[in-house]
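What follows is one structure encoded as structure tokens, with my remarks underneath.
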Amino acid sequence: KPYREMQNIFVVAAKRTPFGAFGGSLKHLSATELATHSTQAALQGIDPALIDAIFVGNVVQSSSDAAYLARHVGLKSGIPQKVPALTINRLCGSGFETLIQGALSMKAGESQVTLCAGTENMSSSPLQIGGIESRFGIQLGKGLNVRDALWDGLTDAYANIPMGITAENLATKYDISREECDTHAVRSQNLWGKAQANAVFDHEMAPIDIPIKKKKGEFKTMDTDEHPRPDTTFEQLSKLRPVFKKDGVVTAASASGICDGAGSIILATEQAVKDHGLTPLCRLASYHVEGCDPSIMGIGPVPAIRGALAKSGHDLHNDVDRIEINEAFAAQFLACAKELELDMDKTNAHGGAISLGHPLGASGSRIVAHLAQEFQRKEASHQNIHVGAACIGGGQGIAVVLERV
């Protein structure tokens with residue numbers, strides 16, 4: 001009931017960059033530059049001076065200006081200097097979390113139009129030397145140890161396991177086979193290929209110009225995700241070795257792609273929409289975040305989706321037309337699908353993170369942009385309720401409910 005009575009909050013713009021493969025075309029663009037690009041695209045037709053709060057999600061701070069990320073995105077996007085900016089880290093849920101923070105700011109009466117973005121450059125994740133050892137000395141013969149910030153970010157030190165093992169744990173708990181995981185990985189790749197061929201991603205995409213090597217001043221336009229392999233076959237995947245566990249189910253092909261990219265969402269109150277002639281793509285109906293067992297962190301979308309739908313007053317099986325759950329791992333996604341008894345025809349219908357990739361802080365923004373823009377397609381004219389969700393390392397889940405306007 002409280003969600004039904006809260007002021008209407010709308011998504012009025014939603015754009016993302018194409019996602020670059022690990023070490024691919026976007027590797028030289030910082031997370032700040034990527035988010036600036038998606039933000040400038042989202043602000044096309046919207047006066048940047050309308051923005052009165054900035055929230056940007058980012059996980060592995062991989063550039064020299066990372067401490068200033070949200071602030072620099074705002075300034076580089078032409079948003080006035082007086083507008084405050086906040087960088088957020090809720091790990092894989094960071095992109096979704098920026099929407100929640102934007103909505104909370106609006107519900108508190110502190111803002112009317114907010115920039116909510118997520119960004120990640122995983123290719124530039126640093127190799128680190130400990131500050132204590134490097135600054136204040138080490139014992140003779142010990143030497144300096146280099147740590148991989150990317151691997152550290154994908155390992156839960158509290159549970160003492162990498163994320164891949166949490167997926168293996170879910171496979172055991174929900175009796176999910178290697179064959180099921182490989183089949184789903186192929187599904188993700190094939191569905192992305194079909195969607196790409198049918199221009200499904202065009203509305204959400206913010207093409208980006210990339211300098212051409214050895215051709216100074218010349219650029220190529222990148223307008224397509226770089227990680228997908230739509231011609232992938234089950235036979236190819238069945239030959240791959242498990243990564244985390246002997247006789248396990250997680251392979252390189254059934255895990256989300258390590259990628260670079262960003263997405264930007266503009267939220268506006270109902271009053272701002274009226275005052276400034278903004279055009280809503282959809283309404284933010286509700287959201288929910290909930291913790292779960294860190295050793296099976298991938299099940300987090302289940303309580304998050306249930307909580308978000310309880311708040312919005314919708315039934316999962318009777319009211320929801322489209323569901324997007326971030327594919328951290330095939331086993332993790334399939335566990336959620338089994339627990340929620342999902343209709344697969346409605347779920348991740350255009351592929352997921354196994355094909356598109358999972359730039360940690362950006363994936364929530366990608367999913368929201370995709371679901372918001374999906375309402376605009378003629379083929380989706382019958383759809384009224386969309387749900388987006390993600391699991392979060394450390395044991396959390398996050399979900400949002402979007403409603404047609």
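The values are calculated or read from the model by the stated rules, or taken from the named source; none is laboratory data. All values reported here derive from a predicted model rather than from experimental measurement. Every residue, glycine among them, receives a Cβ derived from its backbone with ideal geometry; neighbour counts consider all protein chains shown. When the accessible area is computed, the model is the full protein with side chains, heavy atoms only, and any ligands, DNA or RNA have been set aside. Shrake-Rupley method; radii C 1.70, N 1.55, O 1.52, S 1.80 Å.
For the chain, what % of the accessible area comes from carbon and sulfur atoms, probe 1.4 Å?
50 percent
Taking the Cα centre as origin and putting +1 on Lys and Arg beta-carbons and -1 on Asp and Glu beta-carbons, what dipole magnitude results for the chain, to the nearest 20 debye?
With Lys and Arg at +1 and Asp and Glu at -1, about 820 debye.
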Which of [x] 29.8, 103; [y] 20.5, 70; [z] 21.7, 72 gives Rg and Dmax of the Cα atoms in Å as computed here? It is [y]
Please work out how many pairs of lysine residues in region 1-109 are eight or more positions apart (or on different chains) and have Cα atoms closer than 22 angstrom. 5
Run the simple label-point estimate for D343 and A199 please: 7 Å along Cα→C-beta, distance reported in nm. 2.8 nm
Highest-MSF residue in the chain out of G351, G74, G23 [GNM, Cα springs under 10 Å]: G23
Classify region 55-204 as rounded, prolate or oblate, taking a ≥ b ≥ c as the square roots of the eigenvalues of its Cα gyration tensor: rounded when a/c is under 1.5, otherwise prolate if a/b is larger than b/c and oblate if not. oblate
GNM on the chain, C-alpha springs below 10 Å: top fluctuator among A13, A353, A310? A310
Whether region 251-405 is rounded, prolate or oblate, judged on the alpha carbon gyration tensor where a/c under 1.5 counts as rounded: prolate
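Once you sort the root eigenvalues of the Cα gyration tensor of region 82-168 as a ≥ b ≥ c, which label holds: rounded (a/c under 1.5), prolate (a/b larger than b/c) or oblate (the other case)? List each step's numbers first, then the result.
Details: a/c = 3.21, a/b = 1.90, b/c = 1.69.
Taking the square roots of the gyration eigenvalues as a ≥ b ≥ c, region 82-168 is prolate.
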Using a Förster distance of 25 Å, how high is the FRET efficiency between T224 and A149, based on the Cβ-Cβ distance and rounded to 0.05? 0.30
Out of L99, H184, V289 - ranked by how far each Cα lies towards the positive end of the dipole of the chain, with unit charges on the beta-carbon of charged residues - the top one is L99
FRET efficiency, L240 to Q81 (Cβ-Cβ, R0 51 Å, nearest 0.05): 0.50
Cα-centre dipole for region 67-220 with unit charges at Cβ (Lys and Arg positive, Asp and Glu negative), debye to 20: 780 debye
Could you compute the FRET efficiency for D315 and L140, with r as their C-beta to C-beta distance and R0 at 56 Å, rounded to 0.05? 0.25
Where is the GNM fluctuation largest for the chain (alpha-carbon springs, 10 angstrom cutoff): Q139, Q44, Q373? Q139
Taking only DSSP H segments of four or more residues, each worth -39500 (n - 2.57), what value at 222 nm results for the chain once the sum is divided by all its residues, to the nearest 500 deg cm²/dmol? -9000 deg cm²/dmol
With the other protein chains left in place, how much accessible area per residue, in square angstrom, belongs to the chain at a 1.4 angstrom probe? 43 Å²
Below 20 Å, Cα to Cα, which lysines can K246 reach? Residues fewer than 8 away in the same chain don't count. K173
Set of aspartates and glutamates near K220 by C-alpha distance (under 12 Å), chain-local residues within fewer than 8 positions excluded: D209
